[in-house]
């Protein structure tokens, strides 16, 4: 059974990012897999979500964003610890990075910046003790030229993120 609290946190993060992008003058369209996948599974008996096509459909980005230089596919994630997302990204990188070319926006309160972006390629190979290891390089969302984030709006949304994610168990 899915963890309801994490589902709610994810939806809050998606809404915060969507509204931040809109407040910065972008046009944001919801793509997401929820409705598409539900309809396909109900109507298409031969659909296999574990196939190559199934993986592409189950990893449809959350949004497509217009209003800057080019349209951008966006996936939104919330994590208390950004490092906990790395394994998931390694498993999904082929489809997300190469097929969709999606930018991943992370909402986290571990430390500022609360809104971070990861652009393809997601990993660089660095060496530790002579072994290549994948390293993720997040950067502040405000530095990404595809989004041209309004700094006043960013401050406002950072306050909202702190407010909505600061509840105690």
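What follows draws every value from the coordinates through simple rules; no lab data is involved. Just so you know, these numbers come straight off a predicted model, no measurement behind them. Positions of Cβ are generated from backbone atoms using ideal geometry, with glycine treated the same way; all protein chains shown enter the neighbour counts.
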The range 62-130 - share of DSSP beta bridges that are antiparallel (%, nearest 5): 60 percent
Gain upon complete extension [residue 139, residue 23; 0.36 nm per residue less C-alpha separation]: 39.7 nm
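Only helical DSSP H runs with n ≥ 4 go in: add -39500 (n - 2.57) per run for the chain, normalise by residue count and round the 222 nm mean residue ellipticity to 500 deg cm²/dmol.
It comes out at -11000 deg cm²/dmol, rounded to the nearest 500.
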Spacing of the two label points (7 Å from each Cα toward its C-beta) at residue 156 and residue 8, in nm: 2.6 nm
Ranked list, fewest to most other Cβ atoms within 10 Å of each Cβ, for 7, 40, 105: 7, 40, 105
Relative contact order of the range 4-165, defined on C-alpha pairs under 8 angstrom at six or more residues apart (%): 22 percent
Ordering of 74-80, 90-96 by packing [mean C-beta count within 10 Å, highest first]: 74-80, 90-96
Label-point gap, in nm, between residue 15 and residue 46 - each point 7 angstrom along Cα→Cβ: 4.1 nm
Rounded FRET efficiency, nearest 0.05, which uses the C-beta distance separating residue 39 from residue 126 and R0 of 41 Å: 0.45
Surface/4 estimate of mean projected area, convex hull on alpha-carbon atoms of the range 4-165, nm²: 10.8 nm²
Spatial separation of Cα centroids for the range 45-97 and the range 103-169, in angstrom: 16 Å
